[in-house]
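Read through the structure below, which is laid out as structure tokens, and then see the notes.
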Amino acid sequence: IHPQFRSSPTEAPRQILSTLVALGVVIYLGFSSSNALDHSSAQHAALAVYFSFLLFCFLQTRDLILTWPHPGLWRVVFGSCGFYSLCLVGMLAADRDDARFVLHSLFPGIGTQEEFDSGLRDRIDAVMGTCKLSSAALYRQLFHCPWFLAHSAGWAFKMLIFRDYYLAFYAATLFEIMEVSLMHVVPEFEECWWDSLFLDTLGANLMGMFVGSQLNRWIESNQSRQIEKQERKHIPEEKVATNIELGKKFNWAGRDWKVFTSLKRMLQVSTAAFVMSVSELNTFLLINSLGIADNTSWCVLLRLTTVGFISIPAGAEWFYYIEECDRRGDRSVVRLGPSLWMLFWTTLLEIAVATKFFPHHMHAEIINAGNITGIPYGVLVPLIVSFALTLVWIILRYNVFGCVFGAKSDKMNMKQAQWQSHDILLGASIIPIAYLFAKGWKWD
């Protein structure tokens, strides 16, 4: 995607200055740590290695697809996620006790396994309170618990990734289905009906999407001023950043993902929503698998920050990838961007770590499901029915069998989305999901 090592030849690397500053930080961490094997020494050692790795990425790695506000920021983001993936590989090679020991040495705030086991139910009840709808319960969820604000901030950030309301709604719905489907494995997914429906789906999520869209517009206006400033200075084109989104390859304020224009495009967009939802799901799986008693521990916040920021260029790279595949044709080879690959690799590693360290209560619930999926039949059957109806809708809408047997697939693939009579199947597929939500929500 990016043939040039640096997007702007005028960028001053400041290698000597950056190296000296980093050396000063590393020396300070080394000399300020105690000789004893305590939490402070482990933290200083980890910070020194982390800072050195980020210095290498800042100076020596290739620019990513984003350059605003500075390309070095995104190189550091890429390095941070790379370092996190190496930590996951190390945890995967250890057993659960050793992994928790190292994690607790670096982040004592995660608590002990006993604190996690004994306080799990109390933490859920403290957040949920009563599920009877009342003004006191609403006030509690809005102003006493941090989750309404967390949901809003999360979806404001995700709009930097998706930059499209349709895809954001799609991903939000997909994650809500994951929550209600995996409630037997992840107890934190238990929610009151009014909290999930009104405060989360129709409240915090929509508010966060709106704030995120306004933030995208603000970024776009700043990029516009930057380009105008470069044009007024008559800077030669070869010395201007080649992959600034506005006026080049992207419009930061929004993207047209063309979700329903073809079966291929719908599957590509669905892949983006699915990967992002699984990445978000991994946060809860890791908390339970590693027995992290405090959900606001620094290790959780750092994980959310690292994966969240790498998802921004990853989303841009996926959009560019599918656009280039359409432009060049199926026979051409288009490489995945580095951020996209890093996000995918990290997501797979997180799934592997969470699966290896599944605690006893998660194993027991999976076995009690009585089938190979690990999902109870009361949840699995509505999912299968909804999927079957959606599959039939896809076959009819995109004339799948006609394309296979040589019908005019090009015309079919490129036509714009238009509602047809068989689209009622897509509406019918919502009914089993609605039943699933009604069954999974807490009502009193």
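The values are calculated or read from the model by the stated rules, or taken from the named source; none is laboratory data. All of these numbers come straight from a predicted model, not from anything done at the bench. Counting neighbours? That spans all protein chains shown, and the Cβs are built from the backbone with ideal geometry, glycine included. Heavy atoms of the whole protein, side chains included, go into the accessibility calculation; ligands, DNA and RNA do not. Shrake-Rupley method; radii C 1.70, N 1.55, O 1.52, S 1.80 Å.
State yes or no: is H184 at pLDDT 80 or above, surrounded by 15 or more Cβ atoms within 10 Å (Cβ to Cβ), over 22 Å from the mean Cα position of the chain (by Cα) and within 18 Å of E280 (Cα to Cα)?
On the way: at pLDDT 80 or above: yes; surrounded by 15 or more Cβ atoms within 10 Å (Cβ to Cβ): yes; over 22 Å from the mean Cα position of the chain (by Cα): yes; within 18 Å of E280 (Cα to Cα): yes.
Judged against the criteria, H184 is a match.
Quickly run through region 45-89 and pick out the residues that are more than 22 Å from T346 (Cα to Cα), assigned to a helix (DSSP H, G or I) and open to solvent by 40 Å² or more (accessible area, probe 1.4 Å).
A45
Would a scan of region 154-161 turn up a residue that is of a type outside the set (A, V, I, L, M, F, W, C), within 30 Å of P69 (Cα to Cα) and part of a loop (DSSP other than H, G, I, E, B)?
Filtering region 154-161 down to residues of a type outside the set (A, V, I, L, M, F, W, C) leaves 154, 158.
Still in the list and also within 30 Å of P69 (Cα to Cα): 154, 158.
Filter once more, so that each one left must be part of a loop (DSSP other than H, G, I, E, B): none.
For region 154-161, residues of a type outside the set (A, V, I, L, M, F, W, C), within 30 Å of P69 (Cα to Cα) and part of a loop (DSSP other than H, G, I, E, B): absent.
Every residue in region 156-181 that is of a type in the set (V, I, T) and either farther than 17 Å from F387 by Cβ or open to solvent by less than 40 Å² (accessible area, probe 1.4 Å) (or both), please.
Applying the first criterion (of a type in the set (V, I, T)) to region 156-181 yields 161, 173, 177, 180.
Passing the criteria: I161, I177, V180.
How many residues are open to solvent by less than 80 Å² (accessible area, probe 1.4 Å) and either part of a helix (DSSP H, G or I) or modelled with pLDDT of 90 or more (or both) when one looks only at region 397-441?
Final tally of qualifying residues: 21.
Identify all residues within region 274-304 that are among the β-branched types (V, I, T) and closer than 24 Å to Y170 by Cβ; write none if there are none.
Residues of region 274-304 among the β-branched types (V, I, T): 275, 278, 283, 287, 292, 296, 300.
Within region 274-304, V275, V278, T283 qualify.
Taking the stated definitions as given, is R217 modelled with pLDDT under 90 and surrounded by fewer than 16 Cβ atoms within 10 Å (Cβ to Cβ)? I'd like the intermediate steps shown before the answer.
Values: modelled with pLDDT under 90: yes; surrounded by fewer than 16 Cβ atoms within 10 Å (Cβ to Cβ): yes.
Criteria met by R217.
So, in region 280-298, of the ones that are in contact with a Phe, Trp or Tyr (Cβ under 8 Å, 6 or more places away or on another chain) and closer than 18 Å to L343 by Cα, which residue ends up least open to solvent (accessible area, probe 1.4 Å)?
It comes out as L281.
So, in region 142-155, of the ones that are open to solvent by less than 30 Å² (accessible area, probe 1.4 Å) and of a type outside the set (S, T, N, Q), which residue ends up farthest from V259 (Cα to Cα)?
Initial filter on region 142-155 (open to solvent by less than 30 Å² (accessible area, probe 1.4 Å)): 145, 152, 154-155.
Next, from what is left, pick out any that are of a type outside the set (S, T, N, Q): 145, 154-155.
Working: C145: 36, G154: 23, W155: 20 Å.
The extreme case among them is C145.
Identify the residue in region 101-141 that is among the β-branched types (V, I, T) and at pLDDT 75 or above and, among all such residues, is surrounded by the fewest Cβ atoms within 10 Å (Cβ to Cβ).
First, pick out the residues of region 101-141 that are among the β-branched types (V, I, T): 102, 110, 112, 124, 127, 130.
Then keep just the ones that are at pLDDT 75 or above; that gives 102, 110, 112.
Numbers: V102: 16, I110: 23, T112: 13.
Only one residue tops the list, namely T112.
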